Structure formats: C-alpha cells, structure tokens
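Below is one structure, written out as structure tokens; the observations come after it.
The values are calculated or read from the model by the stated rules, or taken from the named source; none is laboratory data. Please read these numbers as outputs of a predicted model, since none were measured by experiment. Cβ placement follows ideal geometry from the backbone for every residue including glycine, while neighbour counts extend to all protein chains displayed. In case anyone asks, the SASA skips ligands and DNA or RNA and just uses the protein heavy atoms, side chains included. Shrake-Rupley method; radii C 1.70, N 1.55, O 1.52, S 1.80 Å.
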Amino acid sequence: MIYDLAIIGGGPAGLTAALYGARGGLKTIVLESSMPGGQAALTDIIDNYPGFPEGISGPELMTKFHQQATRHGAEFKMSEVKSIDDQGEVKRIVTGEEEIEAKSIVIATGAKARKVGVPGEEKFQGRGVSYCATCDGAFFKDKRVAVIGGGDSAVEEALFLTKYASQVVIIHRRDQLRAVKILQEKALNNEKMDFLWDSTVQEIKGNSKVEQVAVKNVKTGDIADHQFDGVFVFVGTVPNTAYLKDVVELNEKGYVIASDFLQTSAKGIFVAGDVREKFLRQVSTAVGDGAHAAMAAERYLGGIM
Ligand code: NAP
C-alpha cells in the first residue's frame with residue numbers, strides 16, 4: 001500500500017491537512033505519536049478561533065477537527081516517526097514498528113515547550129515543575145505558584161492557574177510583557193496575580209518537591225529565595241524536527257523552511273503549522289497552513305507543481 005499523502009503530526013495543522021487531503025480524494029494517513037490535537041488539545045479555552053464567539057475548549061475543538069477528518073476518510077495511526085527516507089517519487093517513513101510509504105508528505109509535528117535550563121528544573125519535573133497548566137493546575141489548589149516567561153503562553157496559562165492557586169507570580173526577565181494587550185490587561189487587573197519584573201530564575205529548590213525558587217533581579221544583581229509550591233515554565237517552544245535532519249532544510253533554530261506553496265527543500269514534502277518558520281503561531285494560522293499544504297501536495301501529485 002502506497003499512500004498518496006502521509007501527514008506527520010495530528011495537531012490543528014495536521015488534522016486540517018488530513019481533512020483537505022482525504023476530502024480531495026487522496027489516500028491519506030495521519031501519523032501521531034500521542035492523542036490527536038497537539039498543543040491545542042492541552043489548552044483550556046481557545047478564545048481567538050473564529051466561529052466560537054464565547055471561545056471553545058481546546059480538547060473539544062480538536063475532537064471536532066479529528067471527527068471531521070475521519071468522516072472524510074483520513075486514516076489515523078498512533079506511532080512515532082523516527083526518520084524519513086526520501087526515495088524521490090516514493091518516500092519511506094520509518095516508525096518504531098514499520099515503514100509506511102507515501103508519494104507526498106506534510107510535516108506538521110509542531111513544537112514542544114522549551115526548558116529554562118536551571119538547576120532543579122529536571123529534578124522537580126512532575127514534583128512541582130510543569131509545562132502544562134491545563135494538565136497540572138488542579139494539583140495547586142490554594143497554593144502559591146510561579147510562572148516563568150512573559151509571552152502569550154505564560155500569561156494565558158498564569159490566568160488559568162488563578163482558578164486554583166491562591167497566588168500566581170509571573171517571573172519575567174524584562175519590565176514588560178510580550179503577550180498581546182488583551183492578555184496583559186487581564187493579568188495586570190487580576191488580584192490573584194503578582195509580578196517579579198527584571199527577574200530570572202537561578203535555581204528551583206526543595207527536598208522531595210518544589211519549595212523555593214532563587215530569583216535574581218537582573219538590574220541590581222540581588223538574588224533572593226521565594227517560597228513557591230509550583231513552577232510553570234513557558235519560555236517559548238522548540239520545534240519537533242530532530243527526525244528531519246538531512247531530509248529538509250531547517251533554519252538555525254530548527255524550524256522547517258518553506259516556499260510560498262509550503263514546499264520544503266525536498267520535492268513532495270510540504271510543511272504546516274508551528275513547526276514551520278513563520279511569524280504567527282496560532283490555531284487559525286495552523287489551519288490555513290494545513291489546507292494550503294494538502295492542496296499543494298494534491299497539485300504536486302497531479303504533476304502541476
Ligand atoms: P514566546 O512568544 O516566544 O515567548 C517566550 C517568553 O519567554 C518571552 O516573554 C521571553 O522573554 C521569555 N523567555 C524566553 N527564553 C527565556 C529564558 N531563557 N529565561 C526567561 N525567560 C525567557 O513563546 P510562547 O508564549 O510560548 O508563544 C509561542 C507562540 O504561540 C507565539 O507565537 C504566541 O503568540 C503563540 N501563542 C498564542 C496564544 C494565543 O493567541 N492565545 C497562546 C499561546 C501561544 P522576552 O519577552 O524577553 O523575549
């Protein structure tokens with residue numbers, strides 16, 4: 001069996017590519033290492049995806065994406081892709097268990113949380129250090145937690161954590177947030193939230209779980225220990241592209257470089273979503289990418305591109 005289109009990654013970009021590919025009559029398979037939905041499925045409320053005026057929960061939206069792609073005939077397989085052997089007209093996708101052959105590929109493996117890289121971070125992961133507020137927030141009912149970072153993720157997840165925690169303190173390395181204005185305003189006006197500006201985390205400390213965080217004021221150089229029960233890290237993302245080395249061109253940060261048609265440096269291999277070098281990483285832009293990449297693959301298969 002040779003698939004027309006294999007999509008690697010089942011987040012919003014991959015699920016949209018699957019919908020467009022399968023609906024366009026391509027024999028389509030999606031390879032996903034865990035549950036469909038990607039990072040969006042770990043988001044409490046998605047407030048800026050059009051069509052849902054009150055917002056929609058990430059898991060619910062991703063379930064709908066999955067159902068729609070399935071209804072149009074896309075196949076799904078839970079397996080982790082290890083490498084791609086690009087033989088030209090046929091591409092071999094090597095997973096832990098088998099090799100899957102396809103005439104075209106859409107790479108949609110997204111990105112994962114970046115670590116802040118301080119002592120204690122690894123030791124206390126799962127014992128107070130977390131990268132997912134939706135997954136772990138409920139463990140911190142009436143506790144004091146720190147959030148590291150100042151972007152959309154940090155502020156959005158910090159706001160979510162105020163549902164549970166008694167206090168949420170954002171520790172940010174500058175004196176202003178990077179997050180969009182609407183999130184900034186919500187955070188600055190939330191009485192459960194506090195801020196440590198111009199501050200970086202030096203160490204996460206404790207015995208069997210997180211108890212203290214050593215924070216340095218980058219302007220004064222002073223370092224002080226603060227009491228926290230949990231630390232949520234949102235300092236950006238790194239692309240999931242380790243398996244693509246020597247297959248397609250990546251930029252210096254590891255994101256996949258593509259043409260306007262979302263064609264990578266390898267013929268017949270397209271890219272969509274957060275894994276692509278681009279300006280704006282949102283569910284709405286992932287959806288546009290997914291549709292675009294699948295249609296470009298269809299043209300490629302028809303010999304038009
Ligand atoms: P991001 O926008 O890259 O922000 C990362 C934040 O972490 C920045 O504030 C950065 O500080 C800080 N940071 C980076 N490295 C650090 C370090 N080593 N130590 C301390 N702080 C560090 O990443 P993101 O917030 O994860 O967002 C990723 C993408 O997803 C963005 O395009 C974002 O817009 C999008 N997103 C959108 C939504 C939404 O629309 N609702 C929600 C979540 C994410 P500086 O500000 O000083 O650089």
For this session: Provide the descending list of Cα extents for segment 100-227 along its principal axes, expressed in whole angstroms.
Result: 58, 37, 32
For this session: Give the peptides 6-16, 251-261 in descending order of average Cβ contacts within 10 Å, highest first.
Result: 6-16, 251-261
For this session: Provide, as a two-decimal number, the C-alpha radius of gyration of segment 1-142 over 2.2 N^0.38 Å, N being how many residues it has.
Result: 1.22
Problem set entry | Computed E for GLU89/LYS112 - FRET, C-beta separation, R0 35 angstrom, nearest 0.05 | 0.65
For this session: With a 1.4 Å probe and every protein chain kept in, tell me what percent of the accessible surface of the chain is carbon plus sulfur.
Result: 49 percent
Problem set entry | Solvent-accessible heavy-atom area per residue, rounded to whole Å², over segment 143-282 at 1.4 Å | 51 Å²
For this session: Take SER265, SER57 and sort them by solvent-accessible surface of the protein heavy atoms, 1.4 Å probe, largest at the top.
Result: SER265, SER57
Problem set entry | Stokes-Einstein translational diffusion, the chain - Kirkwood Rh over all Cα pairs, 0.890 mPa s, 25 °C, in µm²/s | 120 µm²/s
Problem set entry | Whole-Hz couplings from phi, Karplus 6.51/-1.76/1.60, listed for segment 79-85; x for Gly and Pro | 7, 9, 7, 9, 6, 10, 10
Problem set entry | Selected from ASP229, ASP289, ASP274 as most flexible by GNM, with the chain as the system and alpha-carbon contacts under 10 Å | ASP229
Exercise. Assuming R0 = 25 Å, what is the FRET efficiency of LYS123 and MET78, from their Cβ-Cβ distance, to the nearest 0.05?
Worked result: 0.25
Exercise. According to a simple spin-label model (label point 7 Å from Cα along Cα-to-Cβ), what is the distance in nm between THR220 and SER33?
Worked result: 4.3 nm
Exercise. When all alpha-carbon pairs of segment 188-305 are counted, what percent fall beyond 21 Å?
Worked result: 59 percent
Seminar exercise, completed: Each label sits 7 Å from Cα toward the beta-carbon; between GLU277 and LYS253 the label points are separated, in nm, by 1.1 nm
Problem set entry | C-alpha center-to-center spacing [segment 212-264, segment 78-98] in angstrom | 27 Å
Problem set entry | Length released on extending from GLU97 to GLN184, taking residue separation times 0.36 nm less the Cα-Cα span | 26.7 nm
